[in-house]
Amino acid sequence: MISSRLYQEALIKGDTRLIGDIYENCFPTVRKFVLKNNGTDEDAEDIFQKSLLQIAVRYKKEKFEIRNDFEGYLFTVCKNLWRRELNKSKKRVTNETLLNLYSEEQDNALALMEQKRFELFNEKLSLISENCRKILSLYFAKMSYAKIVEAAGYNSETVARQRVFKCKKSLTDLIRGDKRYISLKEL
Amino acid sequence: MNLEEDYLIERFLKGELSEDEKEQMETRMVSDPEFSEKVALERQLFKTFDEEDWSDIENPDKEVEAYAELFGAQESKTIKSAIASSAATYKRGKTKTLRKPVWLYAAAATIILVLSFYFLWPAGIAPEELYHTYLDKTELPSLVTRGDSAPDQMKAQAYFENQEYREAVQLFADLIENGGQSGAFYIYLSLAQAELGEFSEALATLDKLIQSDLLDSEKGYWYKSLVYLKADQPQDAKSLLELIIEKNYYQQLLAESLLDEL
């Protein structure tokens, strides 16, 4: 497996041969994901190119390290950009809030910072106990306490609430204790 | 933060507060920055961990502006062009492949077949992609019954097919919890967990299937090898595939073909 660093370097150098390899290895999976989630071929191409540019620009500025394999990381970035796009269209349809008008560069920068926040939250989530992760996954999926009681086998909703509170506290303490949160919390 | 305050924020974000309570909450958020930060973090967590949503940045700061500047810089434009050029080359390659006449495919297939006796096939396909390819080749069991006699299991399958994995996980777990005796429940539950990235849970579900005395227990090995691929643990997938082949377990032929591609 080619190291992530090599791909990151290839991106900032504009090495079309290695970027071509990234396409061969990763684009089919991303395309399949976007098509499965109400997108078109054009959307898949757009998301893929934006993701590569995001990784390149971020690497250029902060030389960040990809802990797992490059393919998996790129897939997550693409998936999140697509979630973001779907969310934007949903807001447009429901007129939920007035959408801010940003330039392409500003929008790319916002997506990058949102990705950083996503990574921070997920990194901290992986540090709490498996049991807490399970409870919080039900809680953040907006499942009712009655259902959480059923799913986790608690005695009452009060016990479930206390457990959610404790688990969430472990998670938020970890997030607040990370210096990266300081630059993200005002956003 | 105490439990009551936490519950109040939760109800606020879920839109469960009365108009009065909501007003009090909003007033407090304006006058109490610490409380406001708690609400903001809770909102971000909800939106980040809900696959159907996304946590947008509401107040761009200097760092966002610095990145925006970098996105607009000439060197980023050069990178963008290189990416676009690689995309065009990739697309051209795909189009050319599609336009090749059938005889060329046959000739290429023969050459590949002959060469594969002499050379190892290059391992270039991402495990995640293999997971999707081989899952597509596996016929998933149908839970649709005659005359709507089991609405919950049909509903669970519908959730799964509509990619509403969180709901699917909940319903399949309920079906198993309530004594549902079907290997298919375990299979769907594990695949939905894998789609949510909950790999250790997915593997544990399949272990339960393997250890059960259900007719489908043997299928657990095949799905477990697929979950390992999805979790990007190809070495673990390989060991299981070897076991499937050795013991003539379910999907032995697909296991051989998948092992070749790894």
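Could you give the alpha-carbon Rg of segment A:128-187 over 2.2 N^0.38 Å, rounded to two decimals?
1.28
Based on the alpha carbon coordinates of segment A:72-173, what radius of gyration and maximum Cα-Cα distance (Dmax) apply, in Å?
Values for segment A:72-173 (Cα only, Rg and Dmax): 17.3, 52 Å.
Spin-label point model (7 Å from Cα, Cβ direction): what's the B:K94 to B:N2 distance in nm?
Result: 5.9 nm between the two label points.
Quote the FRET efficiency, to the nearest 0.05, computed for B:K238 versus A:K63 with a Förster distance R0 of 41 Å and r equal to the Cβ-Cβ distance.
So the FRET efficiency works out to roughly 0.75.
Counting other Cβ atoms within 10 Å, keep those with at most 11, restrict to DSSP loop, and tell me which trypsin sites (Lys or Arg not before Pro) in segment A:1-81 are left.
Listed in order of number, the matching sites are A:K63, A:R67.
I need the Kirkwood Rh of segment A:6-50: take the reciprocal of the average 1/r across all distinct C-alpha pairs and report it in angstrom.
11.1
Under a point spin-label approximation (7 Å from Cα along Cα-to-Cβ), what is the B:E164-B:A73 distance to one decimal in nm?
4.7
Name the GluC sites (Glu not before Pro) in segment A:31-89 that are in a loop by DSSP and that have at most 16 other C-beta atoms within 10 Å, would you?
When the GluC sites (Glu not before Pro) of segment A:31-89 are filtered for loop state and at most 16 Cβ neighbours within 10 Å, A:E65 remain.
Taking the 0 to 90 degree range and rounding to the nearest ten, how far is the long axis of helix A:16-36 tilted relative to the main principal axis of chain A, both from C-alpha atoms?
40
Between rounded, prolate and oblate, where does the protein assembly as shown land on the alpha carbon gyration tensor, with a ≥ b ≥ c its root eigenvalues, rounded for a/c under 1.5, else prolate if a/b exceeds b/c?
Note, shape of the protein assembly as shown comes out oblate.
Suppose R0 equals 25 Å; then what is the FRET efficiency for A:E123 and B:R43 from their Cβ-Cβ distance, rounded to the nearest 0.05?
0.80
Where Rh denotes the Kirkwood radius from the mean inverse Cα pair distance, what is Rg over Rh for segment B:127-261?
Here the Rg-to-Rh quotient is 0.96.
Report, in degrees rounded to the nearest 10, the 0 to 90 angle that the Cα long axis of helix B:151-161 makes with the longest principal axis of chain B.
80
For segment B:3-49, evaluate the Debye formula with one uniform point scatterer on each Cα (no solvent term) and list log10 I(q)/I(0) at q = 0.15, 0.16, 0.19 Å⁻¹, rounded to two decimals.
Computed log10 I(q)/I(0) values: -0.35, -0.40, -0.56.
Running a GNM on chain A with Cα contacts under 10 Å, which residue among A:L138, A:L74, A:L125 ends up with the highest mean-square fluctuation?
Looking only at A:L138, A:L74, A:L125, the biggest GNM fluctuation is shown by A:L138.
In square nanometres and to one decimal, what's the mean projected area of the convex hull around the Cα atoms of chain A?
13.1
Which whole-number percentage describes the relative contact order of segment B:127-261, with Cα contacts under 8 Å and a sequence gap of 6 or more?
It comes to 21 percent, rounded to a whole number.
Per residue of A:166-173, count partner chain C-beta atoms within 10 Å of its C-beta, then hand back the mean as an integer.
Neighbouring Cβ atoms belonging to other protein chains average 2 per residue here.
State, as an integer percentage, the relative contact order of chain B based on alpha-carbon contacts under 8 Å between residues 6 or more apart.
Answer for chain B is 12 percent.
Taking the number of other C-beta atoms within 10 Å as the exposure measure, put B:S86, A:S156, A:S137, B:S217 in order starting with the fewest.
Ordered by Cβ neighbours within 10 Å, fewest first: A:S156, B:S217, A:S137, B:S86.
Quick one: what does P(r) look like for segment B:48-94 with 10 Å bins over all Cα pairs, in whole %?
21, 25, 30, 23, 1
What distance in nm separates the simple spin-label points at B:D152 and B:E52, each placed 7 Å from Cα in the Cβ direction?
Distance between label points: 2.1 nm.
How many Cβ atoms of partner chains, on average, are near each residue of A:40-48 if near means within 10 Å of its Cβ?
Rounded to a whole number, the mean comes out at 1.
Suppose R0 equals 41 Å; then what is the FRET efficiency for B:E261 and A:K134 from their Cβ-Cβ distance, rounded to the nearest 0.05?
Efficiency for this residue pair is about 0.80.
Could you tell me how many degrees, from 0 to 90 and to the nearest 10, lie between the Cα long axis of helix B:165-177 and the main elongation axis, the longest principal axis, of the Cα atoms of chain B?
For B:165-177 against chain B, the angle is about 80 degrees.
Which stretch or stretches of segment B:219-262 have amide N atoms under 14 Å from the point lying 7 Å from B:E139's Cα along the Cα→Cβ direction?
Once the point is set 7 Å along Cα→Cβ of B:E139, B:251 turn out to lie under 14 Å by backbone N, inside segment B:219-262.
Where a number appears in this text, it was derived from the coordinates with a stated rule and is not lab data. Predicted model only: the values in this text are computed from it and were never measured. Methodologically, a virtual Cβ is constructed for each residue, glycine included, from the backbone with ideal geometry; neighbour enumeration extends over all protein chains shown.
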